[in-house]
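Structure, as structure tokens:
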Amino acid sequence: MRLFLRATTLTCALIATGCGDIKIQHSCFAPVQSNVNDVFPDGTVRFTPAWGSNKENNFLLNNRIEGYLSIYAGYEPIKRNSQLYFTGTIFRVSPSVAERYLGGSQPRVLYKVRIRTVYYVIPEHEIQAIVTPPLESCE
């Protein structure tokens with residue numbers, strides 16, 4: 001009975017803390033060039049480095065992504081007239097079971113963008129002004 005209880009507890013713990021997933025999907029849409037002001041007209045855009053040791057940041061760094069662009073970020077500001085190039089690549093982030101059911105996290109999309117020679121991601125919900133390209137070709 002104790003062995004069964006331990007095995008059940010261990011199985012439940014593994015399911016609850018199971019890893020989420022991040023998938024790269026290339027060529028989801030034709031590359032688009034814009035500028036920062038067109039994408040974020042309502043605020044100062046800042047860069048947040050992909051620091052820290054968590055699965056998502058490690059994944060981004062391993063794929064040559066420097067960090068996130070957001071109006072809510074607190075680090076280095078990005079010039080409003082900077083040319084922003086949507087590469088056509090997205091990252092689909094799926095939360096773990098625990099993140100989804102205990103923390104309320106939802107699946108999300110990160111758009112890979114480039115400013116000059118540096119790559120960043122922009123969370124889908126951050127894009128304010130341009131219509132994001134349809135992602136049906138990536139399903």
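What follows is calculated from the coordinates using simple rules that are stated; it is not laboratory data. The structure presented is a predicted model; accordingly, all values stated were derived computationally and were not measured. In this analysis, Cβ positions are derived from the backbone assuming ideal geometry, glycine residues included, and neighbour counts consider all displayed protein chains.
Starting from the Cα of Lys79, draw a straight line to each of the lysines and keep only those under 27 Å, dropping any in the same chain fewer than 8 residues away.
Once the sequence-local lysines are set aside, what remains near Lys79 is Lys112.
Above 24 Å lies some portion of the pair distances; for the range 20-138, what is it as a whole percent of all C-alpha pairs?
Working: 1693 of 7021 pairs.
Here the long-distance tail beyond 24 Å is 24 percent of all Cα pairs in the range 20-138.
What is the spin-label model distance, in nm, from Tyr85 to Gln33 if the labels are put 7 Å beyond Cα along the C-beta direction?
Taking the simple label geometry, Tyr85 and Gln33 are separated by 0.8 nm.
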